[in-house]
Amino acid sequence: MKFGRIAVCIVFVAAAACSATGGPFAEPAADGGKTGEGTLRPAVRAQSENAHDQAAPISAPLTAEQKIADFDFLYEQYRENYPYLKVNERTGGGDWLAQKEFNERAAARTESDEEFFRTMNRILRKLHNGHARMVDEGEYRTVKALMERHMPGNYGPWIEQFDLPAARARYRQEDQPDRDSALERSAAMLRQSKPLVLDSLEAGKVAYVKIPGLENERIEGDMEQLLPFLRENCGADALIFDIRGNGGGDSRYWTHHLIPILLDEPAAWTEYSAYRGGETGISFIEAKRGMVYASLPGIEALKKERLPALPPEIYTDFDRYEKYENRIEPDREHSIGFRGRIYLLVDGGVFSSAEKWAVFAKSTGWATLVGRLTGGDGIGWEGAYVTLPNSGYMFRMELGMGLDSTGAANFEVRTEPDIRIGDRTRSVEGLENDPDVRAVLAAEKRCRGNK
């Protein structure tokens, strides 16, 4: 899959002295980009949303003891590494760690491997974070193929976990189609089930683009439709990007392919990630960031940033942090010459890399956000994929607490739109009747009236 020509500059700042290794969505350097002193830790090894409930089969059924051991393994990983345990308590999700005995019994009582998988998924859903989940067969196949094809350099721990014998047996790796076929099939299914919507309103004065997902495997096909449409409508007064319900995918969808051709001047914004320092987390962080974990600034050094909205647990539950000075440069060679106003439609379904888009737009003023409070958790990177030692099932786990330029945890505060629209109570026919679109058209009418 081609990523095309880009004009993106991301600068990563690890401490007061700048260390140029690329930001949270930069592609890994071919040499791993190692900095600092010491030795990178080996990846953790398991011992002796969207619906993610389709468990993969394995020949021998799990015993109750194996299920308990797998639950305890997952519990300890989350206890040591997961950044949002206190956020879950503050936002009404309860004390997840305190539910250990109840959840352990629920896992042990399951009557089949498939029921165990579903129960473990329900346990993770109590964290109310779409990134905290079990990995179904479709996700295993697609993510493994993407990492092997596009991102092998800094993804050793991920690929190692996907290739553990227990995981290969559980997800029937030997029966899977080849990598390219898996990605092509996924891309075709995404384009069919969640197609782009391209339209124009008010006799071409307003261009409308609905982007339902940012999955890596759909980028090439989407751009073949989207870029010509944007060029054809470059003279419009306004451009609407509708990302409502967009659960994310790959930030490069917009950072590399859309924003640069719509910018006149560089766009810059600041973010942070805080880490708890669990052993498993460190191995993934070092591989992803290409540096020794101990070279990151200690959490106490965050005080010099004078961030007013830090979570109360930041100096007690966290160990180190990193700072991202993000910057996207305009691609003047391929600019479409758009000079109008840009609107981003958002709602509670905007999550992950789609949320990152909302954070960027709000932080830089690139677009006016219209709609409802977003879903959050868009700052940082993809977290860990870890294999359970007995069942071979895999789970996903966030490692960094993403903080915005004020220090607030993005997963907790999310992103507030500039024009707030009431909750939608029913679906409507036609874009002109969509309350969020109508709010944009009203804003455009006011802009034209003020000229």
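The values are calculated or read from the model by the stated rules, or taken from the named source; none is laboratory data. Note that the structure is a prediction, hence the values are computed from the model and not measured. A quick note on method: Cβ atoms are made from the backbone with ideal geometry, for glycine too, and the neighbour counts reach across all protein chains shown.
Observations on the model:
- Of the residues making up the range 244-273, those that are aromatic (Phe, Trp, Tyr) and under 16 Å from the mean Cα position of the chain (by Cα) are 253, 254, 272.
- Residue within the range 389-397 that is over 17 Å from the mean Cα position of the chain (by Cα), surrounded by 24 or more Cβ atoms within 10 Å (Cβ to Cβ) and aromatic (Phe, Trp, Tyr) present: yes
- Residue among 254, 269 that alone is in contact with a helix residue (DSSP H, G or I) (Cβ under 7 Å, 6 or more places away or on another chain) and in a strand (DSSP E or B): 269
- In the range 422-451, the residues that are more than 14 Å from residue 202 (Cβ to Cβ) reach residues that are of a type in the set (Gly, Ala, Ser) and surrounded by 10 or more Cβ atoms within 10 Å (Cβ to Cβ) with C-beta atoms within less than 7 angstrom, at least six apart or across chains, in these pairs: 436/371.
- Taking (1) over 18 Å from residue 273 (Cβ atoms); (2) under 15 Å from the mean Cα position of the chain (by Cα) in turn, residue 450 satisfies each apart from (2).
- As for the range 364-372, it holds at least one residue that is of a type in the set (S, T, N, Q), over 18 Å from residue 253 (Cβ atoms), at pLDDT 95 or above and not assigned by TED's automatic domain parsing to the domain that holds residue 398.
- For the range 371-385, the criterion of being over 21 Å from residue 86 (Cβ atoms) and surrounded by fewer than 17 Cβ atoms within 10 Å (Cβ to Cβ) is met by no residue.
- Scanning the range 228-251 for residues that are assigned to a strand (DSSP E or B) and among the β-branched types (Val, Ile, Thr) returns a single hit, 240.
- Residue in the range 417-425 that is in contact with a Pro (Cβ under 6 Å, 6 or more places away or on another chain) and either assigned by TED's automatic domain parsing to the domain that holds residue 118 or assigned to a loop (DSSP other than H, G, I, E, B) (or both) present: yes
- Among the residues listed as 274, 354, the single one being surrounded by 16 or more Cβ atoms within 10 Å (Cβ to Cβ), at pLDDT 95 or above and within 30 Å of residue 442 (Cβ to Cβ): 354
- Flag if residue 396 is modelled with pLDDT under 95 and not in a loop (DSSP other than H, G, I, E, B): no
- Candidate set: the range 185-227, residues that are in a loop (DSSP other than H, G, I, E, B) and of a type in the set (Gly, Ala, Ser); chosen: the one nearest to the chain's Cα centre (by Cα): 213
- Inter-residue pairs, beta-carbon under 6 Å, first charged (D, E, K, R) and in the range 330-354, second not in a loop (DSSP other than H, G, I, E, B), 6+ apart: 331/260; 331/261; 341/238; 347/371
- Any hit, the range 160-182, residues being part of a helix (DSSP H, G or I), modelled with pLDDT under 95 and not assigned by TED's automatic domain parsing to the domain that holds residue 137: no
- Enumeration of residues in the range 228-264 that are more than 23 Å from residue 378 (Cβ to Cβ) and either touching a Ser or Thr at 6+ places or on another chain (Cβ under 9 Å) or not aliphatic (A, V, I, L, M) (or both): 228, 229, 231, 232, 233, 234, 235, 236, 237, 264
- Test: residue 296 is surrounded by 21 or more Cβ atoms within 10 Å (Cβ to Cβ) and not assigned by TED's automatic domain parsing to the domain that holds residue 213: yes
- Qualifying position, being among the charged types (D, E, K, R), outside the structural domain of residue 437 (by TED's automatic domain parsing) and in contact with a Ser or Thr (Cβ under 9 Å, 6 or more places away or on another chain), among 289, 327: 289
- For first residues located in the range 91-116 and within 13 Å of residue 65 (Cα to Cα), partners that are of a type in the set (Ser, Thr, Tyr) and in a helix (DSSP H, G or I) and lie 6+ apart or on another chain with Cβ distances below 8 Å form the pairs 104/75; 106/119; 107/119; 110/119.
- Scan the range 72-94 for residues that are under 25 Å from the mean Cα position of the chain (by Cα) and part of a helix (DSSP H, G or I) and the total you get is 15.
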